[in-house]
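For reference, the structure discussed in these notes is given below.
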């Protein structure tokens, strides 16, 4: 495929990531303004991983078996985008929607938002694997990584842009700041528009072409599935998906036959995503009272701190964008594993250095290392995994692989409040140091990916 065809495959992910970025930067601030205690923040953040754990495998399995006039993955992407845009519009209004219990309404809308984000996001991963052969898969996921990070930058800076445009950033207890609300409205509109570009510019392979292209690329050679390349039209696709024969592997069968490289990557994913979850949950309370304006020497006020958290969340995707441009070529020369480990080491250094920097502007520097890690996390595991999974089960396994993202977030969500309160004396800054330790463990664990027989090709 041409570069612009590959670009359009993932362009909708730009909008999805704008929504995620708004959520990552502002959820803690929104819930704190509605009365949540710092030790309870991680419980609200459980909505995202729980939604991903439930929805992504389901959407993956259903989209594997779907064929419509719009394609396999596009119907799910479109439907999820509409609901995601609505959720973004509702989130800033939770104090109005249920004035007697705004925290409860906020938690409900957050869960609703995360469910819809996951419905939209999951098929994008499988779409790249569907449409590209092994020689272009790394490029496809690198382009997707670039767009994800561009969306993260836009989403994180939207509140600051709104203040530049004259929208008030006053933090009034019990309400969502006006500049945050306007950012959510803009993010919802952009999300819907970018997904429409992917829907109208991407033409998924019809059943017979999909079967032909994948007949020698992982579709089982036994029974009816092995005959896909000799069948025509929808019959071919159904044989590929196991619809006619009723021999499509169920969820438990897929779990029993998980490629070993997925389990090995799961260890790395656990440590890296646990570290990221700590940052998203505790960055706002961590820098509150710990960062000062060098021009005045004064500690940043609450509203300014909230805006600056958005800036920090917008900075780390910038180096990720830059690195992602070169990531495919670097990985081709040095191998996916070496590049992956190097990226994670940069992230570990960034997290640890946040403990020692208190200058408002110098605190931007650690985000460069975190951004490099983010680029590797978004591209390398999927490039490695996509070479080790049957094409006919790609959507389902991409959904199952999301367990390696959601489980660490659930673990930290359940234990983070206890750790920050009883181990760190409610000093959230030390959670960022713990994130650095976890990212270091993630880098070390990359060495064990692809060690067993039959997985080395995919890992390299």
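The values are calculated or read from the model by the stated rules, or taken from the named source; none is laboratory data. Nothing here was measured: the structure is a model prediction, and the numbers come from that model. Reconstructed Cβ throughout: ideal geometry from the backbone, glycine too, with neighbour counts over all protein chains shown.
Can you name the residue in segment 285-307 that is buried (at least 21 other Cβ atoms within 10 Å of the Cβ) and at pLDDT 85 or above and is also farthest from residue 149 (Cα to Cα) among such residues?
Out of the qualifying residues, it is 291.
Report the residue count in segment 323-358 for those that are part of a helix (DSSP H, G or I) and in contact (Cβ under 8 Å) with a residue 12 or more places away in the chain.
24
So is residue 107 surrounded by fewer than 20 Cβ atoms within 10 Å (Cβ to Cβ), assigned to a helix (DSSP H, G or I), at pLDDT below 85 and out of contact with any strand residue (DSSP E or B) (no Cβ under 9 Å at 6 or more places or on another chain) or not?
Spelling it out, residue 107 is indeed surrounded by fewer than 20 Cβ atoms within 10 Å (Cβ to Cβ), assigned to a helix (DSSP H, G or I), at pLDDT below 85 and out of contact with any strand residue (DSSP E or B) (no Cβ under 9 Å at 6 or more places or on another chain).
Where residues in segment 160-178 are assigned to a helix (DSSP H, G or I) and in contact (Cβ under 8 Å) with a residue 40 or more places away in the chain, which of them is surrounded by the fewest Cβ atoms within 10 Å (Cβ to Cβ)?
160
Please verify whether residue 226 is out of contact with any helix residue (DSSP H, G or I) (no Cβ under 8 Å at 6 or more places or on another chain), at pLDDT below 70 and in a helix (DSSP H, G or I), treating the condition exactly as stated.
Answer is yes for this residue.
Yes/no matrix, rows are residues, columns are (1) in contact (Cβ under 8 Å) with a residue 60 or more places away in the chain; (2) over 30 Å from residue 73 (Cα atoms); (3) buried (at least 24 other Cβ atoms within 10 Å of the Cβ):
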position: 369; (1), (2), (3): no, yes, yes
position: 379; (1), (2), (3): yes, no, yes
position: 387; (1), (2), (3): yes, no, no
position: 396; (1), (2), (3): yes, no, yes
position: 401; (1), (2), (3): yes, no, yes
position: 410; (1), (2), (3): yes, no, no
position: 445; (1), (2), (3): yes, yes, no
position: 448; (1), (2), (3): yes, yes, no
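Name the residue that is farthest from residue 260 (Cα to Cα), counting only residues in segment 439-458 that are in contact with a helix residue (DSSP H, G or I) (Cβ under 6 Å, 6 or more places away or on another chain) and at pLDDT below 60.
Step by step, filter segment 439-458, then rank; the result is 458.
Tell me, yes or no, whether segment 137-157 has at least one residue that is closer than 28 Å to residue 410 by Cβ and free of Cβ contacts under 8 Å to residues at least 60 places away in the same chain.
Within segment 137-157 (the criterion being closer than 28 Å to residue 410 by Cβ and free of Cβ contacts under 8 Å to residues at least 60 places away in the same chain), the answer is no, since none of the residues qualifies.
Look at residue 127 and say whether it is surrounded by fewer than 24 Cβ atoms within 10 Å (Cβ to Cβ) and not in a loop (DSSP other than H, G, I, E, B).
no
Somewhere in segment 359-374, is a residue out of contact with any helix residue (DSSP H, G or I) (no Cβ under 8 Å at 6 or more places or on another chain), in a helix (DSSP H, G or I) and over 30 Å from residue 137 (Cβ atoms)?
Yes; the residues of segment 359-374 include at least one that is out of contact with any helix residue (DSSP H, G or I) (no Cβ under 8 Å at 6 or more places or on another chain), in a helix (DSSP H, G or I) and over 30 Å from residue 137 (Cβ atoms).
For segment 344-363, name all the residues that are within 13 Å of residue 278 (Cβ to Cβ) and under 20 Å from the mean Cα position of the chain (by Cα).
347, 348, 350, 351
Per-residue answers, yes or no, for (1) modelled with pLDDT under 90; (2) buried (at least 22 other Cβ atoms within 10 Å of the Cβ); (3) touching a helix residue (DSSP H, G or I) at 6+ places or on another chain (Cβ under 9 Å); (4) within 23 Å of residue 129 (Cβ to Cβ):
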{"position": "195", "(1), (2), (3), (4)": "no, yes, yes, yes"}
{"position": "210", "(1), (2), (3), (4)": "yes, yes, yes, yes"}
{"position": "215", "(1), (2), (3), (4)": "yes, no, yes, yes"}
{"position": "218", "(1), (2), (3), (4)": "yes, no, yes, yes"}
{"position": "240", "(1), (2), (3), (4)": "yes, yes, yes, yes"}
{"position": "265", "(1), (2), (3), (4)": "no, yes, yes, yes"}
